[in-house]
Amino acid sequence: MDQTKQTTACPSLTLAPEQLRSVVDPQTLDFQTSAELSPIEGIIGQGRAVAALRFGLSIYDDGFHIYVAGPPGIGKMTAVRAFIEELAHSKPTPQDWCYVNNFDDPYQPKICRVPAGRGRRIQQDMRSLVDHVRREIPRAFESDDYGARRDAIVKQLHQQREDLLENLGQRAEHDGFVLQVTPMGVLIIPMSQGHPLSDADFQALPQATRDDLLGRRDALQEELNAVMKQGRALERTTQEQLQALDKQVALYVVGGLIDDLTEHYRDLPEIVAYLKAVQDDLLENIEPFKGGPSAQPSQPPEGISMSTAWLKELAFRKYQVNVLVDHSAPVGAPVVVDLNPSYTNLFGRIEKETQFGALIADFTQIKAGSLHQANGGYLVLPVEDLLRNPFSWDALKRALRGREIEIEEIGERLGFVATKSLRPQPIPLDVKVVLVGPPLLYYMLQSYDESFPELFKVKADFDTTMPRSPENMRDVARFAVTFCARQQLRPLDAPALAKLLEQASRLAEDQTKLSANFGMLADVVREANFWAGQEDAAQIGVTHVRRAIEEKVYRSNLIQQRIQELLTEGTLLIDTSGSRVGQVNGLSVLSLGDYEFGRPSRITASAGPGRAGIIDIEREVALGGPLHSKGVLILNGYLAQAYAQEQPLQLSARLVFEQSYEGVEGDSASSAELYALLSALAGLPIRQGIAVTGSVNQHGQIQAIGGVNQKIEGFFDVCKARGLTGDQGVLIPRSNAKHLMLREDVVEAVRAGQFHVWAIETIDEGIELLTGVRAGVRDFEGCFPDNSVNGRIARRLHEFAERLKEYPPAEKNGRLMLAH
C-alpha cells in the first residue's frame, strides 16, 4: 500500500499541529509588560505544601517539627524561608539570653533570661558600673578622711602595742631584766647594776643566783608570750577594722549604683540576685580597684611575655555580661537559615585564649550557635548538610527531646578531653525546626531512624508541577516580575512572558501543567536579559527568551550532535524511508545531567519454530535492565493471549537493539519490539519512516512513557538532516498526547505536512499504520481474516507448531533436545 495513502487513511490517529504544543496567546494576557504586575511573595502553586507548613508552624505540641520534601531546583529553601519570615513578623520577639559569672563556681556560668533588647542594656550598665568603680574607688582611698581614719586605726594599734610592751618592760625592770626588740623578736636580758649581763658575767654568778634569774626569766617569758598573743589579736582586730573601713568606703562608692540598678531591674529577679552577688564579690576583692584605671599590672615571671592589657583587665572581666543572644533589632520571631549546620555552628562553642602557655576560657568566651539564635522562633536546615556533618544530627535530636541547649565541647562529649573546662548552664529550648531535603531522605529516616517519626511528624511535600490555571499562570508571571526587580533585570513584555509560560509547560512535560522549577525559569530570564542587553533593548522580548532557550541547548548538545552526525553519515544504521521486515525504529532518551535528548535505535527481530520462546539478547549479555526484561517477558504474555488459545506457542524468537553498546533500561521500547516481532512472524514490512515509542501490556494496550518530546524531536532531527519526505513521523501512546510540548520547528513541519505524529491506543492500531495492512479481528468462529496481520501471524505460528510435531523432543545426556 502506498505510504502516503496510509497516512491519510488514519486521520483519527493523526495529531493536529495545535495538539503538539499548547501555545499561550499574548493577547489573552491582561498586561503588556511584566512591569504592570505587582510582585508576589510566598509560595506559588503549592497548596498542599502551604497547608502542611501552616499546620506545622501553628501547632506547638512536642514532635511537630517539619520536613519539607521536594526535588532540587524548585526553590524549596527560598520559598520556605520567605513563607516563614512572613509568618514570623506576627509572632512575639523572644527574650535575650545572657551568661554571667557564677561567683560560687566560675566553671559553671549562669544563664539569665531578660526581655528582648535589655541584654545589651544590662551589659552596658555593668560596664559603666565597673568603669565608675575603678575610677572612684582610688579617689576614695586617696582622700584625707580615709587617710585620717586609717591612720587612727593604725595609731591605735601602735599605741596599744606600745602600752603592752611598756607595762611588760616595767615588770621586767622590776625583776632585774630589760626587754630588747630585735629582728628575731623580743629578747629578755638580765641586768646587773643598770647594765645588761654578758654571757661571761652570767656564768660567773653563783649557781643559786643563776637559778633564781632563770626562774624569773621563765616567768617573764610566759608573760611575754601572752603579750605577743594579745598583740597578734590586736593586729587581727585592726586588720578587720581596716577591711571594714575599706568595705565601708567601697560600699559608699558602689552601694548607691547597685541600689539604682537593683531598682531599675526589680522586675528581673535573676538580675537582682546577680547584682547582689556582684556587690558581695566586689567588696571582698577591693584591691584590684585601688590601683585605678591606669595602674600597672604586676610583672609576669621572668622569661614569660604577657599582654599588659589582658593582664590589666583580667581581674575585672568576671563582672562583665556576655549577651549570648540579642533581640534588640529584630521585630517578631527569629528565622535562622543555617546552610552549614556543623556541631559548633548549631550548638555554639567556648573559645579559648593562650596565656602563660596554657589554654584558658571564661564565660565571656561562650559563643552562640544557630540553635540559640533561632530559640523562640524557627530554624531552617538543609537535611543533607545536617546529616553530612558529624554529631550534628544526634545532638539536634537530643536537644529537641530534652528541650534544652547544652554548650559542650565535642571532644569532651566523646571522652577525648580530660582537662577541666567550662560547663555553662543549659538554656531552655523552644524552637520550630524545618528540615529541607529530597523525599528519599525523608523515607529513609522514617524507616531507619526511630527518633525521626517522633520528632518530625509534619511532612510538607513540594510538587514539581502545578495546574496550568489562569491564577497560576499569572502567579508565574508575577514571579518573573519579582525576580526581575530583585535582580535589577529588564522587564519582560507580554509575548516574552507567554513564551516563558510555554517553557514552564515544556519543563513540566504536560500541556495542562506548569513547572515548579523556578530555578530553571529564573535562569531563562537571566539569559534572556543578557541577550536583550546585547541588543540594547529596553525590554526582554520573545526573541530573547527563545534565544536563551536555544543557546542553552547549544551549549549542552555536543554529544547529541556527534550522534546525529553518525546517524546522518550512516555509521549508525537507521532507515528513515522504505520498508523492512522484522525491523523498526525505537526511541530512547539519553540524559547528560542538565540535558536530555532523544536517540533513535534500530530494533530487529527474528523468529522461527522452537520451544525457547522470546529471547532478549540484551538480557542474555547482561545489558538489559530489569524493567526492560520485564517488558520483553510481557510480550510472551501478549502472544499467548492473542494467538495461543487453541494451540501451544511454539516459537523461538530473538530481539535485539542493533549497535547498542551500553545498558538498556525501561519498558518504553516494548511496543516497538513487539512490532518488529509481529512483522517477522507475518512477513510484512514495516515503514522505516516511522519511529515507535510506548510500552505494552499483555492485552495489547499501549501505555504512556516518559520523555516523549525528546524522543519525537530526536527522530525529527535525523529525518530533517536526511530530508523530510512527508511520510515520516512518530507513533506515540494516546495517553501521552497531553504531554506534548514540542519545539516550534517540529510543530511547523507538521503543519506543513512534512512530518506527522500519530497517537494510538492498541497494538492493532499501530501495526496497521506501520504495515498498511488491516490488523484483523476474530470472527464468531474465532478465526482471523486470512490476509490480515493477525491472520498471517496465527497461520505462521500454526505452521511452527505443526513443524515441531515432526521433530519431537528427545533426551540426551540429561538434556532435552530436538530429534532429527
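What to note about this one:
- Of residues in segment 315-339 being of a type in the set (A, V, I, L, M) and more than 19 Å from Val434 (Cβ to Cβ), the one farthest from the chain's Cα centre (by Cα): Ala315
- Selected residue (only one of Asp96, Asp144 is among the acidic types (Asp, Glu) and within 28 Å of Leu268 (Cα to Cα)): Asp96
- Within segment 17-42, tally of residues that are within 33 Å of the chain's Cα centre (by Cα) and open to solvent by 30 Å² or more (accessible area, probe 1.4 Å): 3
- Sole residue being touching a residue at least 40 places away in the same chain (Cβ under 8 Å), within 30 Å of Glu802 (Cα to Cα) and of a type in the set (Asp, Glu), chosen from Glu646, Glu713, Glu665: Glu646
- Answer residue from segment 526-563, given it is under 23 Å from Gly73 (Cα atoms) and in contact with a strand residue (DSSP E or B) (Cβ under 7 Å, 6 or more places away or on another chain) and is surrounded by the fewest Cβ atoms within 10 Å (Cβ to Cβ) among those: Asn557
- Selection from segment 619-638 of residues that are in contact (Cβ under 8 Å) with a residue 40 or more places away in the chain and closer than 27 Å to Ala794 by Cα: His628, Gly631, Val632, Ile634, Leu635, Gly637, Tyr638
- In segment 41-63, the residues that are closer than 16 Å to Val380 by Cα reach residues that are of a type in the set (Lys, Arg) and open to solvent by 30 Å² or more (accessible area, probe 1.4 Å) with C-beta atoms within less than 6 angstrom, at least six apart or across chains, in these pairs: Gly63/Lys457.
- Consider segment 173-194 and keep the residues that are over 23 Å from Glu162 (Cβ atoms) and surrounded by 11 or more Cβ atoms within 10 Å (Cβ to Cβ). The one that is modelled with the lowest pLDDT is Ser192.
- Scope segment 121-149; condition in a helix (DSSP H, G or I) and without any contact (Cβ under 8 Å) to a residue 24 or more places away in the chain; matching residues: Arg121, Gln124, Ser128, Arg139, Asp144, Asp145, Gly147, Ala148
- Extreme residue, farthest from Met77 (Cα to Cα), among residues of segment 510-525 that are open to solvent by less than 60 Å² (accessible area, probe 1.4 Å) and not in a helix (DSSP H, G or I): Gln511
- Condition broken by Leu678, with the remaining ones in (1) in a helix (DSSP H, G or I); (2) within 29 Å of Gly613 (Cα to Cα); (3) open to solvent by 10 Å² or more (accessible area, probe 1.4 Å) satisfied: (3)
- Test: residue in segment 386-395 that is at positive phi, touching a residue at least 60 places away in the same chain (Cβ under 8 Å) and either open to solvent by less than 60 Å² (accessible area, probe 1.4 Å) or not charged (D, E, K, R) (or both): no
- Per-region count, segment 449-487, residues open to solvent by 50 Å² or more (accessible area, probe 1.4 Å) and assigned to a helix (DSSP H, G or I): 8
- Annotation: of all residues in segment 578-630 being assigned to a loop (DSSP other than H, G, I, E, B) and at pLDDT 90 or above, the one that is nearest to the chain's Cα centre (by Cα) is Gly582.
- Test result for Ala295, at pLDDT 90 or above and assigned to a loop (DSSP other than H, G, I, E, B): no
- Check on Ala496, surrounded by fewer than 21 Cβ atoms within 10 Å (Cβ to Cβ) and part of a helix (DSSP H, G or I): no
- Every residue from segment 122-134 that is open to solvent by 10 Å² or more (accessible area, probe 1.4 Å), in contact with a helix residue (DSSP H, G or I) (Cβ under 9 Å, 6 or more places away or on another chain) and not small (Gly, Ala, Ser): Asp125, Arg127, Val130, His132, Arg134
- Filter result for Ala152 (open to solvent by less than 90 Å² (accessible area, probe 1.4 Å) and free of Cβ contacts under 8 Å to residues at least 12 places away in the same chain): yes
- Take the conditions (1) at pLDDT below 85; (2) open to solvent by 10 Å² or more (accessible area, probe 1.4 Å); (3) within 17 Å of Ile763 (Cα to Cα); (4) assigned to a helix (DSSP H, G or I); Asn636 misses just one of them, which is (1).
- Within segment 195-218, the set of residues being assigned to a loop (DSSP other than H, G, I, E, B) and modelled with pLDDT under 75 comprises Leu197, Ser198, Leu205.
- Residues (touching a residue at least 40 places away in the same chain (Cβ under 8 Å) and open to solvent by less than 90 Å² (accessible area, probe 1.4 Å)) located in segment 239-261: Gln241, Leu242, Leu245, Asp246, Val249, Ala250, Val253, Val254, Leu257, Ile258, Leu261
- Here segment 43-80 is the region considered, the condition is being out of contact with any helix residue (DSSP H, G or I) (no Cβ under 7 Å at 6 or more places or on another chain) and not in a helix (DSSP H, G or I), and the residue that is surrounded by the fewest Cβ atoms within 10 Å (Cβ to Cβ) is Asp61.
- Residues that are farther than 25 Å from Ile634 by Cβ, out of contact with any Phe, Trp or Tyr (no Cβ under 6 Å at 6 or more places or on another chain), assigned to a loop (DSSP other than H, G, I, E, B) and open to solvent by 20 Å² or more (accessible area, probe 1.4 Å) do occur in segment 736-749, at least one of them.
- Counting the residues of segment 366-385 that are open to solvent by 20 Å² or more (accessible area, probe 1.4 Å), farther than 16 Å from Leu429 by Cα and in contact with a strand residue (DSSP E or B) (Cβ under 7 Å, 6 or more places away or on another chain) gives 2.
- Candidate set from segment 564-602 (those that are small (Gly, Ala, Ser) and within 21 Å of Ser668 (Cβ to Cβ)); member that is surrounded by the most Cβ atoms within 10 Å (Cβ to Cβ): Gly586
- Considering residues of segment 233-292 that are among the hydrophobic types (A, V, I, L, M, F, W, C) and assigned to a loop (DSSP other than H, G, I, E, B) only, the residue modelled with the lowest pLDDT: Ile286
- Hits in segment 750-776 (condition: part of a loop (DSSP other than H, G, I, E, B), in contact with a strand residue (DSSP E or B) (Cβ under 7 Å, 6 or more places away or on another chain) and surrounded by fewer than 21 Cβ atoms within 10 Å (Cβ to Cβ)): Glu761
- Of Ile712, Ile732, all but one fail to be open to solvent by less than 20 Å² (accessible area, probe 1.4 Å), in contact with a Ser or Thr (Cβ under 7 Å, 6 or more places away or on another chain), under 22 Å from Val757 (Cβ atoms) and modelled with pLDDT of 90 or more; the exception is Ile732.
The values are calculated or read from the model by the stated rules, or taken from the named source; none is laboratory data. Please read these numbers as outputs of a predicted model, since none were measured by experiment. Cβ coordinates were reconstructed from backbone atoms using ideal geometry, including for glycine residues, and neighbour counts include every protein chain displayed. Only protein heavy atoms, including side chains, enter the accessible area calculation; ligands, DNA and RNA are left aside. Shrake-Rupley method; radii C 1.70, N 1.55, O 1.52, S 1.80 Å.
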